[in-house]
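Notes for the one structure printed next.
Any read-out appearing in this document is the output of simple, stated calculations on the displayed coordinates, not a laboratory observation. As the structure is a computational prediction, the values presented were derived from the model and not from experiment. Every residue, glycine among them, receives a Cβ derived from its backbone with ideal geometry; neighbour counts consider all protein chains shown.
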Amino acid sequence: MSLILIIQMCIAALAATAIYTIVGAVPGADETATLAPVTLVLILAGLHPAVVLAFFIAAIIACKLIDAVPVSVAGIPAGVMSTPLVPHALVLKAEGKTDISIQKIAAGAVVGTIVSIPISLILASAIVPFADVIKNSSGLIFFVGSLFLALLSQNKLVSLISIFPMALLIQGMRTLYTATGAVPEGKTVFISIFLAITIGPAMLSLLELLNPSLRKSKQVNKKQVITLSANQKMKGYPNPFKILSKKEMGLSALASAIGSFLFILSPVGLTVFLGELVASKEKNPIKKAGVALSAMEALAQGTYISGTLIPLLAIGLPLSPMAIGPANPLFNAPPVFTLENNLHHLLSYPEFVTATLIGAIIATIVTFYIAVRFSRQISIIVFKYIPHESLIALFMALVLLLAYMDGGMTNIVGVFVIGLFSGALHRAGVSYGVMFMTLYAAPWILTKLF
């Protein structure tokens, strides 16, 4: 491994930290919609796989660390994964302990990072001997995975029913592309469909604005008032291990370890279940909130890291909600990466470890300091000057550009069709995990049905 490559990884990690320290603090900034398109662009631009991995690891760690700010300061979730933290953060906010809330969440994220990386590397090494068996049964595994995630969803029946029509729509669009000459024979469109699912809910919401009655019901005639608590001044670099009590640190480490082993399950579901479980015995509401916030954030960080590293390093197939969501371009970004030629095949074990550590260390050191020391200033900038709509427009434009490159105007129409369908399913209670698993299982499902 050359010194130049290491320097490039450090630069990429710093860039990811800077970008996602800002993006992660924006309320409603969905992890999949903000991470996947940017990662995909970097891959298609021809960056070295190790540089891309360092960028991605830094991005997910920075994104999760900084979500302490909107959750604690305004009681508003940054992304889906920070939603379970809101009730406990509001308890501390009501007591005037916003700064404590930020510190507990950020410190929990640090513990989750430290615990999950070695566990992920060890688990990945243990799974390697079974990689060929898993790969040969990938179609069946994805189908079973879609069924499994559907049964874990809030709306189980709708999720189960949606698998087959969605598989039919995906394969039908692919057949249409080939028949019309939009896509050459033998080429399979994947990225465009993946991104269509990603922005589906936003696309459906935008379409509804064309309906006068729906648009009128969504209109807001007064500005939203958000009250920010003042930060306590802190000297020097904050020590995450002094922020947490021994009990909080122990439970955070335990939650992160459990989350790393259960990387194939829903990160949100695990965060809610295990977070509430470890905090349930604490009677004092202030102490309970501190335990819950640190443990939940440690668990969320652990599922993000393990859900990326274990499938990537051990198998090369996206077999976790994280891998089929935000991390999907690392596995499948045609024509650069495919399921038969991705980071799993291109990087050596030392390169995996080096890229992961560089991304994790840089993002943790920088973003933890920023989150704890400058949370109020960040909140003011985000709430006053960065509209959520601007991010949606940016990422939607990026999706449409990639769709055009993939299959011209025909593919843009296809993205709208699949996006609106997936947006409707998402609103009906079908999770991203079910839809992404169905995307991978679609060829196998149609082969068995017909």
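Quick notes on this structure:
- If R0 is taken as 56 Å, the Cβ-Cβ distance between Y404 and A94 corresponds to a FRET efficiency of 0.70.
- Within a Gaussian network of the chain (alpha carbon springs, distance under 10 Å), most fluctuating of T175, T364, T271: T175
- Pairs from K242/K287; K156/K187; K97/K287 whose Cα-Cα separation, in the structure shown, is over 23 Å: K156/K187
- Radius 12 Å from Cβ of L92, net charge of other residues (Lys, Arg +1; Asp, Glu -1): +3
- Inter-centroid distance (Cα atoms) of region 199-222 relative to region 280-297, Å: 38
- Partners of K246 within straight-line reach, counting aspartates and glutamates whose Cα lies under 13 Å from its Cα and excluding those fewer than 8 residues away in the same chain: none found.
- Charge dipole (the chain, unit charges on Cβ, about Cα centre) - positive-most of C63, I381, S137: I381
- Candidates L244, L85, L44, ranked by Gaussian network fluctuation over the chain, Cα under 10 Å, top entry: L44
- For L346 and N239, the FRET efficiency from 1/(1 + (r/R0)^6), where r spans their Cβ atoms and R0 equals 56 Å, is about 0.90.
- Separation of the F416 and A393 label points, Cα + 7 Å toward Cβ, nm: 1.9
- Computed helical MRE - 222 nm, the chain, DSSP H runs ≥ 4 contributing -39500 (n - 2.57), nearest 500: -24500 deg cm²/dmol
- Put the Cα centre of region 97-115 next to the Cα centre of region 306-369 and the gap is 24 Å.
- In Hz, Karplus ³J(HN,Hα) per residue of region 340-345 (6.51, -1.76, 1.60; θ = phi - 60°; x = Gly, Pro): 9, 7, 9, 4, 4, 8
- Rounded to the nearest 20 debye, dipole of the chain from Cβ charges on Lys, Arg, Asp, Glu: 1440
- T338 long-range amide H proximity, modeled H, under 5 Å: A333
- GNM result for the chain, Cα springs below 10 Å: residue of K288, K384, K156 fluctuating most strongly: K384
- Cα-based shape type of region 97-144, given that a ≥ b ≥ c are square roots of the gyration tensor eigenvalues and the cut on a/c is 1.5: oblate
- Remark: the Cα gyration tensor places region 335-450 in the oblate category, a/c being 1.5 or greater and a/b not exceeding b/c.
- In terms of its alpha-carbon gyration tensor, region 1-154 comes out oblate; a/c meets the 1.5 threshold, while b/c is at least as large as a/b.
- Rounded to whole Hz, the Karplus (6.51, -1.76, 1.60) HN-Hα couplings of region 251-259, x for glycine and proline: 5, 5, 5, 5, 4, 5, 5, 4, x
- In order along region 355-372, phi translates into HN-Hα couplings of 4, 5, 5, 4, x, 5, 5, 5, 5, 5, 4, 6, 6, 4, 4, 5, 4, 7 Hz, rounded to whole numbers, per the Karplus curve 6.51 cos²θ - 1.76 cosθ + 1.60 with θ = phi - 60° and x for Gly and Pro.
- Potential extension, N136-L168 segment - 0.36 nm per residue separation minus Cα distance: 9.2 nm
- Projecting the Cα atoms of V291, G359, T308 onto the dipole axis of the chain, where Lys and Arg carry +1 and Asp and Glu carry -1 at the beta carbon, places V291 farthest toward the positive end.
- Once the Cα atoms are used to define both axes, helix 375-385 deviates from the longest principal axis of the chain by about 50 degrees.
- Rounded to the nearest 20, the size of the Cβ-charge dipole of region 230-340 about its Cα centre is 740 debye, with Lys and Arg at +1 and Asp and Glu at -1.
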